[in-house]
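Written out below as structure tokens is the structure these notes cover.
Every number in this text was worked out from the coordinates using simple rules, so none of it is lab data. Note that the structure is predicted; figures quoted are calculated from it, not measured. No Cβ is skipped: glycine too gets one built from the backbone with ideal geometry, and neighbour counts run over all protein chains shown.
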Amino acid sequence: MRIICCKVNHLINPMGYEMRRTVFSWLVEEAIGKKQSAARIVVSLHADLHAPVTDTGFTDLNSIAADVPVQLMPRTRYYWQVTVRSDANEEASSDIQWFETGKMGEAWTAKWITCEKQARHPVFRKQIMPGKNVVKARLYISGLGVYEAAVNGKRVDNEYLTPYCNNYNAWIQYQTYDVTEQLQNGGELTVTLGHGWYSGRFGFFSKPGGPGDYGQEDRLIAEIHLSYADGTEQIIATDESWQVTRSNITDSSIYDGETRDDTLTDTEPEAVSIMEAPIPVARYSLPVTVHEQLKPIQLIRTPIDETVLDLGQNLTGIFDLRVHGVPAGGKVHIQMGEVMQEGCFYNENLRSALAEYWYVSDGTDRVIRPHFTFYGFRYVKIEGIPELTADDFTALALYSDLPETGCLVTGHAKLNRLIKNVEWGLKDNFLDVPTDCPQRDERMGWTGDAQAFSATACYLRDCYAFYRKFLHDMETEQREHDGMVTDVVPSFANAAYKGTACVWGDAVTIIPWNVYQYYGDISILEDCFDQMKAWVDYIRRVDGDHQGWKKVFHYGDWLALDHPNRKPDQCLGGTDVGYIAYVYYMRSAEIVAESAGLLGKAAEALEYRQLAQKLRDSIVHDYFAPSGLCCVDTQTGLLLALKHHLTPDPAVAAARLQQKLKDNDGYLQTGFVGTPFLCKELSDHGAADMAWNLMLNEDYPGWLYEVNLGGTTIWERWNSMNPDGSVSSTGMNSFNHYAYGSIAEWLYGDAAGLRMGTAGFRHAVIVPNPTPRIGFADLRYQSAAGVWQVKWDAPDKKHLHMSITVPFGCTAEVTLPFMDQAPIMLDAGAYEYDYAAVRPIGKVWTLDDRLIDMLIDKQAKAVLAQYAPESIDLPYSMQLNSISALIHDLNVVHLDAEQAATLASALATID
Ligand code: BGC
């Protein structure tokens with residue numbers, strides 16, 4: 001038995017994070033026993049754990065989230081260990097873990113310092129000469145806009161864009177670094193500041209060179225705490241004694257990039273001045289670090305003689321570029337783009353974001369790397385390096401450190417590429433804030449996009465701490481806006497982002513709920529309960545007695561394809577926004593009620609349950625016929641009816657949804673609201689074949705259409721690119737928006753078939769939807785409770801092989817597909833099933849099926865085209881008949897008995 005993955009507050013050995021509670025978690029593997037019988041956590045100030053400050057003794061501790069209070073002191077490292085006993089009398093202890101507190105409530109000796117504003121970015125400096133033998137050195141630091149700290153010219157850490165992106169009017173984070181080694185013999189601490197989100201222009205109303213929303217001055221605060229071998233301590237803090245020189249970076253901007261001039265000479269030290277500013281607080285943000293390093297797959301000389309590098313992957317990050325052979329004063333210009341057009345470099349869809357880098361060489365060959373910006377790019381245009389080779393460039397993917405938890409592979413190459421694209425969509429848009437996109441003049445925490453993708457994200461990576469920070473951002477906005485959740489979080493102190501809308505604002509209930517469901521730690525609900533409630537109360541006030549919530553502007557089913565006045569650039573969908581607004585209002589009220597129930601808040605549980613019920617009654621009254629028909633007769637309208645159990649007769653709504661899809665030749669029309677539930681509601685209501693049709697459809701609109709056109713991420717619009725490879729519009733068109741990547745939730749939870757049964761996946765419900773069309777699905781998911789594995793193989797329509805691993809301490813309810821058996825209950829262990837399906841797996845077409853239904857199935861249509869070509873172009877009224885009727889009764893498809901039999905067997909063998 002081994003204990004792995006030990007975390008505190010969902011972080012491994014965290015240093016200097018916000019620690020209002022201490023929630024421990026761990027996983028057990030290689031056990032003989034099935035579950036934990038008891039566990040013990042010991043916390044001590046000493047690495048050998050003697051004289052514990054906390055010792056739970058062997059007791060019933062929840063391995064997913066053991067909230068064990070520890071009396072914490074500031075700037076202190078605590079060591080801990082968990083020991084687990086199993087029901088087979090095994091006992092194992094984890095390696096010794098630690099966490100270290102930050103300054104907590106302690107006063108700062110340091111003062112904020114600033115300097116004269118100049119184009120050349122400031123470098124604050126201080127000589128640090130320890131008087132004695134240093135046993136421990138810590139740096140507590142924050143800088144605005146963004147900072148990079150170094151000792152003797154070497155970075156103190158591997159983080160980028162600290163202190164990260166938040167509402168700086170409400171809170172400023174500081175980071176804690178262990179600098180014991182760097183300061184052993186003393187040296188110079190230098191801190192360079194860039195503009196970042198604080199003083200750089202930001203938001204799509206800003207213009208290159210324009211001011212930042214939060215402030216203009218450069219600011220630094222830092223404390224170095226030196227602990228000496230003789231037990232004494234010294235603090236070196238920012239004050240009037242620090243000095244400033246100027247870096248060679250002459251401009252920086254999140255959107256526009258960076259400029260650096262190495263011909264500039266060193267400057268004389270300048271004095272700093274002290275300024276008042278809010279005291280920073282311990283970090284919530286995860287480190288943003290370099291992950292993948294990609295080399296170009298190609299150097300392209302374009303028809304107009306540009307030199308462009310192709311990374312083969314659309315990614316978010318920075319780069320290393322080897323500059324060589326450039327004379328002193330020579331300029332290198334680098335520009336970033338996501339797609340090429342007519343074989344040439346293209347960046348118009350970035351709108352006002354310049355996304356470039358300018359370098360003025362001093363004639364020395366060297367590697368350059370941006371410091372205070374990031375780009376969303378696949379293609380890089382480079383001017384000014386005469387003998388550039390592809391090898392000179394390395395792309396560095398930058399994103400928040402989020403441990404990988406999910407891995408899904410299938411037997412279908414294009415589907416696998418799509419899964420990769422969803423994973424890249426996450427990596428590219430999880431840079432401290434869950435953003436809409438990483439390239440154009442937005443890159444903001446659009447809440448609607450974030451909630452749509454949150455369940456998928458929780459399968460792919462451990463996002464608990466990441467979303468915890470975002471929810472804190474949200475709370476600071478709500479505090480400023482009377483409970484309202486701004487469309488964009490943080491809202492960048494800019495009046496333009498201070499609106500709200502249904503679905504978008506409902507992120508404040510949906511995200512904590514998903515985080516709780518996936519990670520099983522109820523503290524997220526405890527921490528967020530007031531803000532969730534504040535949002536519902538805000539809507540309640542706007543709604544008043546006259547359904548006022550329906551009347552404010554809502555984005556609705558954003559980017560759906562069914563608006564009656566559909567124009568190429570159309571953003572709004574065709575589903576009644578008042579209906580969507582009320583369904584989400586009801587859902588938010590339900591989540592508040594359910595959370596209150598879990599948290600033991602009986603009065604609030606009752607109040608919000610009653611509110612939710614009142615809203616449900618009103619929705620059913622206003623939008624449903626007694627027959628069960630939904631009056632909001634769109635794909636998304638019906639999906640919401642099914643998902644939220646609004647229809648008196650789900651079978652009626654499900655049939656209508658299928659009919660709507662057939663009427664649209666089997667193609668989806670859904671936008672941000674409907675898409676996450678589309679395949680799920682179909683497979684849950686007996687139409688898995690139709691879900692697979694949508695999933696595997698390779699034409700527009702569909703997920704694999706993007707893959708066929710070379711997409712390496714998920715696009716903002718179903719038609720971001722036209723079939724001929726041209727960009728459909730420049731107004732609002734990104735090739736890296738993750739919202740439609742929410743299909744991975746269905747792939748994990750329904751196609752592979754692993755769904756959460758109880759919070760944290762302690763209990764799972766396994767109901768796969770196999771199809772020979774993708775051969776197999778092989779899923780590994782490291783849940784909060786343990787590592788699950790579900791694999792099915794469907795080599796043909798008759799056979800199924802399944803293997804399932806239930807982790808230690810977990811149970812599963814498994815429905816073997818195409819078995820017609822009651823679900824099986826499993827406890828920890830590995831299981832294999834090999835069997836013959838009781839029914840053919842997937843749809844088997846016969847001559848008795850309607851032509852119209854066959855025509856929307858690509859494979860059936862291909863068979864018809866080969867064996868009964870006359871059927872393909874028959875008018876709509878004829879398509880409503882079966883093939884058999886078209887041959888025998890109507891005599892419009894001319895096949896003799898032998899030809900009809902050949903057609904029938906060709907149809908039957910489609911897999
Ligand atoms: C963003 C979206 C966002 C939307 C709001 C866009 O500009 O990129 O993804 O949700 O505006 O409607």
**Euclidean distance of C-alpha centroids, region 6-78 and region 613-671, integer Å** = 48 Å
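If each residue's Cβ is checked for other Cβ atoms within 10 Å, how do Ser86, Ser627 rank with the fewest at the top? Show your work: numbers first, answer last.
Details: Ser86 22, Ser627 9.
By the 10 Å Cβ count, ascending, the order reads Ser627, Ser86.
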**Message:** Quick check: net charge around Val70, other residues with Cβ under 13 Å of its Cβ, Lys/Arg +1 and Asp/Glu -1?
**Reply:** 0
**Item:** Between helix 464-480 and the chain: long-axis angle, C-alpha atoms, 0 to 90°, nearest 10
**Value:** 80 degrees
**Message:** For Asp320, project a label point 7 Å along Cα to C-beta. Then give me every residue of region 148-162 with its amide nitrogen under 15 Å of that point.
**Reply:** 155, 158
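Give, as a single signed number, the net charge of other residues whose beta carbon lies under 9 Å from the beta carbon of Thr83, with Lys and Arg counted +1 and Asp and Glu -1. Present the calculation step by step, with values, prior to reporting the outcome.
Values: positive: Arg40, Arg85; negative: Glu91.
Summing Lys and Arg as +1 and Asp and Glu as -1 gives +1.
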**Request:** Please give the per residue volume of the convex hull enclosing the alpha carbon atoms of region 351-503, rounded to a whole number of Å³.
**Result:** 170 Å³
**Complete:** region 471-495 and region 498-533 have their Cα centres apart by a whole-number Å value of 14 Å
**Request:** Filter the GluC sites (Glu not before Pro) in region 538-617 to those in DSSP coil with at most 14 other Cβ atoms within 10 Å of their Cβ, and list the result.
**Result:** none
**Fill in**
Here the gain from full extension of Lys117 to Val552, 0.36 nm per residue of separation minus their alpha-carbon distance, amounts to 152.3 nm
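What percentage of all Cα-Cα pairs in region 141-267 are separated by more than 21 Å? Could you put the intermediate results ahead of the total?
Values: 3729 of 8001 pairs.
Here the long-distance tail beyond 21 Å is 47 percent of all Cα pairs in region 141-267.
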**Prompt:** From the residues Ala860, Tyr519, Thr83, which one has its Cα farthest along the dipole of the chain in the positive direction, the dipole being from +1 and -1 charges on Cβ of Lys/Arg and Asp/Glu about the Cα centre?
**Reply:** Thr83
**Prompt:** Cα extents of region 482-565 along the three principal axes, largest first, in whole Å?
**Reply:** 45, 30, 30
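Taking the Cβ-Cβ separation of His888 and Asp827 as r and a Förster radius of 60 Å, what is the calculated FRET efficiency to the nearest 0.05? Don't jump to the answer; show the numbers that get you there.
Details: r = 56 Å, r/R0 = 0.94.
Calculated value: 0.60.
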**Prompt:** To the nearest 20 debye, what charge dipole does the chain have about its Cα centre, counting +1 at the Cβ of each Lys and Arg and -1 at the Cβ of each Asp and Glu?
**Reply:** 920 debye
**Message:** What do you get for the angle between helix 507-519 and the principal long axis of the chain? Use alpha-carbon atoms, 0 to 90 degrees, nearest ten.
**Reply:** 90 degrees
**Item:** Label-point separation in nm, Arg21 to Glu342, each point 7 Å along Cα→Cβ
**Value:** 5.9 nm
**Message:** Please list, by residue number, every one of the GluC sites (Glu not before Pro) in region 220-293 that is coil in DSSP and has at most 16 other beta-carbon atoms within 10 Å.
**Reply:** Glu240, Glu276
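Which whole-number value in Å³ per residue fits the convex hull of the alpha carbons of region 685-759? Don't jump to the answer; show the numbers that get you there.
Numbers: hull volume 8.4 nm³, N = 75.
Cα-based convex hull of region 685-759, divided per residue, equals 112 Å³.
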**Complete:** The FRET efficiency for Asn152 and Glu268, from their Cβ-Cβ distance with R0 = 25 Å and rounded to 0.05, is 0.75
**Message:** If amide hydrogens are placed 1.01 Å from N in the peptide plane, which non-local residues have theirs closer than 5 Å to the one on Ala828?
**Reply:** Gly809, Cys810
**Message:** To test your reading of the geometry: what angle, between 0 and 90 degrees and rounded to tens, separates the Cα axis of helix 447-460 from the longest principal axis of the chain?
**Reply:** 90 degrees
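With a Förster radius of 22 Å, plug the Cβ-Cβ distance of Leu599 and Glu91 into 1/(1 + (r/R0)^6) and report the FRET value to the nearest 0.05.
That gives a FRET efficiency of 0.05.
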**Asked** What is the gain in length, in nm to one decimal, between Ser352 and Phe58 on full extension, counting 0.36 nm per residue of separation less the C-alpha to C-alpha distance?
**Response** 99.8 nm
**Message:** Can you compute the modelled spin-label distance between Arg366 and Asp834, with each label point 7 Å from Cα toward Cβ, in nm?
**Reply:** 6.5 nm
**Message:** Taking amide H atoms as placed 1.01 Å from N in the peptide plane, list the residues 5 or more away in sequence, or in a different chain, whose amide H sits under 5 Å from that of Tyr399.
**Reply:** Thr289, His291
**Request:** Subtract the Cα-Cα distance of Arg301 and Ile12 from 0.36 nm times their separation in residues, and report this length gain in nm to one decimal.
**Result:** 99.4 nm
**Request:** Would you mind checking Lys111/Lys469; Lys7/Lys414; Lys136/Lys469 for any pair whose Cα atoms are more than 31 angstrom apart?
**Result:** Lys7/Lys414
**Cα shape, the chain, gyration tensor, a/c 1.5 rule** = prolate
**Request:** Please report how far the C-alpha centroid of region 578-603 lies from that of region 813-892, rounded to the nearest whole angstrom.
**Result:** 40 Å
**Asked** So what J values fall out for region 156-169 if you push phi through Karplus, 6.51 cos²θ - 1.76 cosθ + 1.60 with θ = phi - 60°, rounded to Hz, Gly and Pro as x?
**Response** 7, 7, 10, 8, 10, 6, 5, x, 6, 10, 8, 6, 5, 5
